[in-house]
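The values are calculated or read from the model by the stated rules, or taken from the named source; none is laboratory data. As the structure is a computational prediction, the values presented were derived from the model and not from experiment. Cβ sites come from the backbone with ideal geometry, for glycine too, and all protein chains shown count toward neighbours.
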Amino acid sequence: MDYSAPEKPVLRLRISGIEPESIVDGPGIRMTIFTQGCPHLCPGCHNPQTHDFNGGHWILISEILEMIEENELLDGITFSGGEPFSQAQALVPLAREIKERGYHLVIYTGHVYEDLISNSATTPAYLELLSFADLLIDGLFIFEQRTLDVPFKGSANQRVLDVQKSLSAGQAVLATF
Ligand code: SF4
């Protein structure tokens, strides 16, 4: 589902909530934005309240940027969900502003990187959003493979990808820390 009109930037998002300071959704201290709406419906999902595309509430991108600017401790921003790529077009202008301000950007997705790239032929916002990301944690949450031992992952099948290296290489490149 895409909430945006294709002919102009969308300046608001439908979100489930915002964690102002997180240390589990990427390196450093981060603000995590939980987008509302997820098509994947992984069994055992920890955030079932984010599934309904009509749930949550709208927030202006300008409001999010004000919150970011008020916290000098932030190292980065994380888009989680829900499924952030279901609102890719709306997230592009926010991602651009975040990177212009010098923050590290992590995006979680239930899709896999290769599908996002191939589907960007019909949904260009996928590639545009990826172009602003530093790390992508991709793949469905698989309950049988759940883990608390691997940083930033919910289940072992998920990958932590270096997006800029992946785009340059033309294939998924795992991040190194
Ligand atoms: S992709 Fe994430 S939010 Fe969506 S159902 Fe799976 S674990 Fe839950």
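Of all residues in segment 33-88, those being near the ligand (Cβ under 9 Å from one of its atoms), closer than 25 Å to residue 104 by Cα and part of a helix (DSSP H, G or I) number 1.
In segment 131-149, which residues are among the hydrophobic types (A, V, I, L, M, F, W, C), farther than 30 Å from residue 89 by Cβ and in contact (Cβ under 8 Å) with a residue 24 or more places away in the chain? Within segment 131-149, 143 is the sole residue that qualifies. Just checking, which of 126, 103 is within 25 Å of residue 155 (Cβ to Cβ) and among the aromatic types (Phe, Trp, Tyr)? When all the criteria are applied, what remains is 126. For segment 20-32, the tally of residues that are part of a loop (DSSP other than H, G, I, E, B), touching a strand residue (DSSP E or B) at 6+ places or on another chain (Cβ under 7 Å) and aliphatic (A, V, I, L, M) stands at 1.
For segment 74-83, the criterion of a residue being at negative phi, touching a Leu at 6+ places or on another chain (Cβ under 8 Å), at pLDDT 95 or above and exposed (fewer than 13 other Cβ atoms within 10 Å of the Cβ) is satisfied by no position.
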